[in-house]
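Take a look at the structure below.
The values are calculated or read from the model by the stated rules, or taken from the named source; none is laboratory data. No experiment lies behind these values; they were computed from the predicted model shown. Positions of Cβ are generated from backbone atoms using ideal geometry, with glycine treated the same way; all protein chains shown enter the neighbour counts. Only protein heavy atoms, including side chains, enter the accessible area calculation; ligands, DNA and RNA are left aside. Shrake-Rupley method; radii C 1.70, N 1.55, O 1.52, S 1.80 Å.
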Amino acid sequence: MTKRNDIDPLRNLSGDIWNVAVDEYQGGFLKRRDLLKYAALLGLTGFAASQGLGGARAAAAAGGTVRVGLGQPTKAIDPASVTDPASIGVISQVGEYLILDDPKGGLQPKLALSWEANETASRWTFKLRPGVKFHDGRAVTAKDVVASFERLVDPASGSSALSAYKGILSKGGAKLVDDETVAFDLDGPNSNFPFYVSSDVYNAVILPADYAGDFEKNFNGTGPFKLESFRPKQRASFVRNPDYWAEKALPDRVEIKFFDDEQAQVLALQAGQIDVIPSTTRLELAIEGNPNFKLLSVQASSHEEVHLRTDQAPFTDKRVRRALALTLDREAVVKGLLKGRAVVGNDTPFAPIFPSADPSVPQRKQDIAEAKRLLGEAGVPNGFEVTLTTERAYDIPDYAVLIQNFAKKAGIDIKLNVLPQDAYYGSAKFGSSPWLDSNLGITDFGHRGTPDIFLNATLKSSGAWNAAHFNNPAYDALLLDYSKARDLQAQRLAAGKIQTLLLDETPLIIGYFSQYNRIVSSKVEGVRFTAISHLLLDRVSFVQA
């Protein structure tokens with residue numbers, strides 16, 4: 001383990017940007033794990049690995065079948081266009097990324113061996129891992145990588161990643177250098193770009209250059225398992241890939257069964273028919289205290305985002321927006337609704353797990369008296385009526401009721417309009433989506449390893465997910481400063497300004513950042529997952545009775 005007083009050897013590993021992080025670590029402003037994560041971001045993957053990133057694994061016996069319960073995929077499974085957790089869980093068995101954003105260890109090399117940026121962080125170069133093969137036996141080359149990303153950023157492709165890459169990477173930006181080297185010329189400087197080619201963008205699976213959109217035909221990827229059989233809406237099975245480039249998978253097989261409702265999943269788990277299922281608060285109550293099951297958790301930046309239309313009454317006045325935010329008892333929501341499996345949020349996407357977040361920005365707390373004062377100052381001393389539109393998913397309907405009850409204390413009368421998920425999202429385009437068009441709404445956002453996607457897509461004036469219709473030149477300028485920042489000190493300085501501005505303007509209410517959980521049988525060990533629904537089963541083993 002590296003000690004803070006044994007710091008000199010670290011300074012020889014890279015340039016000034018890395019040395020700033022070392023200074024922060026030495027000064028106690030950066031945790032060791034965050035220092036190692038930052039090393040991986042800069043491409044110092046060898047150093048990160050030497051320090052035990054990701055933790056050591058005990059030897060485990062090979063063999064057996066892992067049985068998984070998932071919800072129904074919402075459409076045909078295609079890595080370029082999927083958005084639902086079930087499809088992401090399936091793709092995890094066969095598909096891989098240039099980089100894995102590991103919940104514990106940060107950025108881990110997968111199909112990329114190393115990466116580095118130019119002086120302005122506007123061009124990033126990735127060296128690929130040699131000897132990797134697709135399941136059909138063809139070698140993976142830079143041509144496949146370039147084609148995979150060109151597909152994702154092509155507006156005509158139907159890619160679900162377009163919103164993530166908007167303003168970051170455009171068509172023509174991915175370039176072949178040689179068979180094992182790819183360069184990305186960005187739309188502008190971005191010091192966090194490795195996250196954009198990692199599992200954080202779950203569509204960024206590397207596929208053959210000639211991929212024709214027929215993924216369900218053979219599930220041709222590079223991962224530790226390969227397709228055995230697939231029956232849409234029913235089940236899928238995968239077997240160990242004998243030609244996998246890394247340590248071979250421990251289980252012989254993975255069986256996935258698709259369920260129409262979560263209660264059926266927990267019943268199958270309780271009956272011993274399934275080993276792993278997703279988790280919700282209701283399901284956790286069903287297995288609480290039962291030694292036959294375990295609840296596994298990873299801290300995440302996942303959150304339910306309340307948007308307030310800044311261009312529509314009554315939320316055109318920021319005092320009204322702040323008043324509603326001040327009615328929320330965040331600690332009560334975390335302790336009650338989420339059973340303590342979350343941390344309090346402060347109405348910005350900067351989750352506490354992000355090293356760039358500025359912890360000195362004051363935490364917003366419930367203050368009904370101040371909320372009433374602001375409403376009076378804004379000309380609505382007796383409150384107002386408004387409709388909150390949201391999706392019937394996860395804990396969101398219950399959260400909406402809590403917001404409704406808290407708001408009443410300040411005289412705000414909220415009517416609830418809870419829609420099925422597909423109806424809520426609609427076309428996911430402005431003008432034909434209750435999500436993006438509603439005056440007041442709640443939307444679930446999955447985990448990302450960096451706040452960049454949230455900051456750009458949900459708050460930038462041109463953001464594809466800007467449901468608040470927030471148009472603030474000062475914010476856009478600060479976001480550019482944040483994107484250009486080359487070290488953690490500069491990032492945190494820009495982040496603090498963004499956090500302060502968002503607290504003042506309050507286009508969003510982010511009351512908490514939740515953990516991501518899975519429920520597993522006590523008979524299995526080694527189940528790993530990300531907070532974006534990747535399910536990593538290659539190191540699973542079974543406890544002997």
Inset, instruction - Inspect all residues belonging to segment 440-449 and state whether any of them is among the polar types (S, T, N, Q) and either part of a loop (DSSP other than H, G, I, E, B) or at pLDDT below 95 (or both). - result: no
Legend entry - In segment 224-267, residue farthest from Gly89 (Cα to Cα) [restricted to those that are assigned to a helix (DSSP H, G or I) and of a type outside the set (A, V, I, L, M)]: Gln263
Inset, instruction - State all residues of segment 409-449 that are among the small types (Gly, Ala, Ser) and over 17 Å from Asp395 (Cα atoms); if no residue qualifies, say none. - result: Ala410, Gly411, Ala423, Gly426, Ser427, Ala428, Gly431, Ser432, Ser433, Ser438, Gly449
Legend entry - Matching residues in segment 214-223 - criterion: being open to solvent by less than 10 Å² (accessible area, probe 1.4 Å) and in a loop (DSSP other than H, G, I, E, B): Phe219, Gly221, Thr222, Gly223
Legend entry - Which listed residue, of Ser114, Ser157, is touching a residue at least 24 places away in the same chain (Cβ under 8 Å), open to solvent by 10 Å² or more (accessible area, probe 1.4 Å), in contact with a helix residue (DSSP H, G or I) (Cβ under 9 Å, 6 or more places away or on another chain) and more than 24 Å from Phe445 (Cβ to Cβ): Ser114
Inset, instruction - Starting from segment 452-474, keep only residues that are β-branched (Val, Ile, Thr), then list their pairs with residues that are modelled with pLDDT of 95 or more and assigned to a loop (DSSP other than H, G, I, E, B) whose Cβ atoms are within a distance under 8 Å, requiring at least 6 positions of separation or different chains. - result: Thr458/Pro349; Thr458/Asn466; Thr458/Ala467; Thr458/Ala468
Legend entry - Qualifying residues in segment 162-190 (those that are in a strand (DSSP E or B), in contact (Cβ under 8 Å) with a residue 40 or more places away in the chain and open to solvent by 10 Å² or more (accessible area, probe 1.4 Å)) - the one nearest to Val132 (Cα to Cα): Val177
Legend entry - segment 332-356 residues that are farther than 12 Å from Phe513 by Cβ, paired with ones that are aliphatic (A, V, I, L, M) (beta carbon under 7 Å, 6 or more apart): Leu337/Leu402; Gly340/Val334; Pro355/Leu30; Pro355/Leu488; Ser356/Leu488; Ser356/Ala495
Inset, instruction - For Thr506, indicate whether it is buried (at least 23 other Cβ atoms within 10 Å of the Cβ) and over 20 Å from the mean Cα position of the chain (by Cα). - result: yes
Inset, instruction - List the number of the failed condition for Lys127; all other conditions in (1) surrounded by 22 or more Cβ atoms within 10 Å (Cβ to Cβ); (2) in a strand (DSSP E or B) hold. - result: (1)
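When only residues in segment 367-391 that are of a type in the set (A, V, I, L, M) and assigned to a strand (DSSP E or B) count, which is nearest to Leu440 (Cα to Cα)?
Leu388
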Inset, instruction - Please work out which residue is nearest to the chain's Cα centre (by Cα), limiting yourself to segment 393-430 and to residues that are hydroxyl-bearing (Ser, Thr, Tyr) and crowded, with 16+ Cβ neighbours inside 10 Å. - result: Tyr394
Legend entry - Positions within segment 333-383 being more than 30 Å from Ala485 (Cα to Cα), aliphatic (A, V, I, L, M) and within 28 Å of the chain's Cα centre (by Cα), in sequence order: Val333, Val334, Leu337, Leu338
Inset, instruction - Identify all residues within segment 271-298 that are part of a helix (DSSP H, G or I) and in contact with a strand residue (DSSP E or B) (Cβ under 8 Å, 6 or more places away or on another chain); write none if there are none. - result: Leu283, Glu284, Ile287
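Taking the options Tyr211, Tyr196, name whichever one is surrounded by 23 or more Cβ atoms within 10 Å (Cβ to Cβ) and among the hydroxyl-bearing types (Ser, Thr, Tyr).
Result of the check over Tyr211, Tyr196: Tyr196.
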Inset, instruction - Please tell me if Glu377 is open to solvent by 30 Å² or more (accessible area, probe 1.4 Å) and free of Cβ contacts under 8 Å to residues at least 60 places away in the same chain. - result: yes
Legend entry - Top-ranked residue in segment 303-343 [being among the basic types (Lys, Arg) and not in a helix (DSSP H, G or I); ranked as least open to solvent (accessible area, probe 1.4 Å)]: Arg309
Legend entry - Filter pass, Tyr512 being modelled with pLDDT under 95, touching a strand residue (DSSP E or B) at 6+ places or on another chain (Cβ under 6 Å) and farther than 29 Å from Pro189 by Cβ: no
